[in-house]
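Below is one structure, written out as structure tokens; the observations come after it.
Here, each number is a calculation from the coordinates, and none is a lab measurement. Source: prediction; values computed, not measured. Cβ: placed from backbone, ideal geometry, glycine included. Neighbour counts: every protein chain shown.
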Amino acid sequence: MNISFEGKRILVTGAGQGIGKELVLRLSKYKAEVFALSKTKKNLDSLVAADPKIHPICVDLRDWDATRKAVENILPIDLLVNNAGVACLTPFLDATPEEFDLTFDVNVKAVLNVSQVIAKNMIERKSGGNIVNISSQAGQAALKDHAVYCASKGALNMLFKTMALELGPYNIRVNAVGPTVVMTEMGKLGWSDPQKAQDMISKIPLGRFAEVDEVVDAVVYLLSDRSSMITGVSLLVDGGFVV
């Protein structure tokens, strides 16, 4: 599939490592002008060292006003990927208010904030646009010790579907990609135990976890014009787990 994002300005949140980092590098390779947002400067420095064409933005997504200002400063944006996410893996009975607030601030509230700024500008410009959100199989299936994380991804799924409904008349598409476990640093947090990992893999028909590139491929497809009639969809990259 020959895809080019030449002439497109793309913002990726949570771009410092994992899926976000690889996505930024891929989009730059496909000739996009890429803005990489992360709260960790050393990760951004590493990213720019790998590809000097990337524009780094260092801001904490939990800071509503600072985030809004940072995003407003790089407008216009044609394509947005809300990739940033956190996972606090605690049994339901032990989950804390702090874990809940952190998880929902990053996984849900920040998506609302960043998307509002960019979508309003798209509407003002009458340009149309495209937003892709990184969700999870955890937004559609309960996972042990993932009560708060599952709840946040479930909330994200309904948020992006409502966005698709309301922004569609402005020719703004909104979709999500829902991976199974990917062995990034966040993935290792919950699944580095071999027994626990094997229990999960046994429930995946394809018999393995996802590779980072497989998730990036799905995001690139949804960002591209090859998916021009697709909106409001959560594309699972889960090897059949939810089946």
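Placing a pseudo-label 7 Å from each Cα along the Cα-to-Cβ vector at ASN2 and LYS144 gives an inter-label distance of 5.1 nm. In this structure the amide hydrogen of VAL233, modeled in the peptide plane, comes within under 5 Å of the amide hydrogens of ALA176, none closer than 5 places in sequence on its chain.
Our coupling estimate for segment 199-206, obtained by passing each phi through the Karplus curve with A = 6.51, B = -1.76, C = 1.60 and θ = phi - 60°, is 4, 5, 4, 5, 9, 9, x, 7 Hz, Gly and Pro reported as x. For the chain, relative contact order (Cα pairs under 8 Å, six or more residues apart, normalised by length) works out to 18 percent. Bins of 10 Å, beginning at zero and ending with the bin holding the largest distance: percent of Cα pairs per bin for the chain, please. Bin by bin from 0 Å, the calculated values are 8, 33, 39, 18, 3, 0.
Figure the gain on full extension for ILE74 and LYS31 (residue separation times 0.36 nm, minus the Cα-Cα span) and round it to one decimal in nm.
Values: separation 43, 0.36 × 43 = 15.48 nm, distance 1.78 nm.
Extra length from ILE74 to LYS31 when fully extended: 13.7 nm.
Cross-link partners for LYS126 among the lysines, with Cα-Cα distance under 17 Å and sequence neighbours closer than 8 places in the same chain left out: LYS8.
Other residues with beta-carbon under 13 Å from the beta-carbon of LEU159 carry, at +1 per Lys or Arg and -1 per Asp or Glu, a net charge of +2. Loop only by DSSP, 11 or fewer other Cβ within 10 Å of the Cβ. Give me the GluC sites (Glu not before Pro) in segment 3-69 that pass, ordered by residue number. Answer by residue number: GLU6.
Under the criterion of Cα pairs below 8 Å and six or more residues apart, the relative contact order for segment 1-79 equals 30 percent. As an exercise, use a Förster radius of 45 Å and the Cβ-Cβ distance of SER127 and ASP63 to find the FRET efficiency, rounded to the nearest 0.05. With a Förster radius of 45 Å, E is 0.95.
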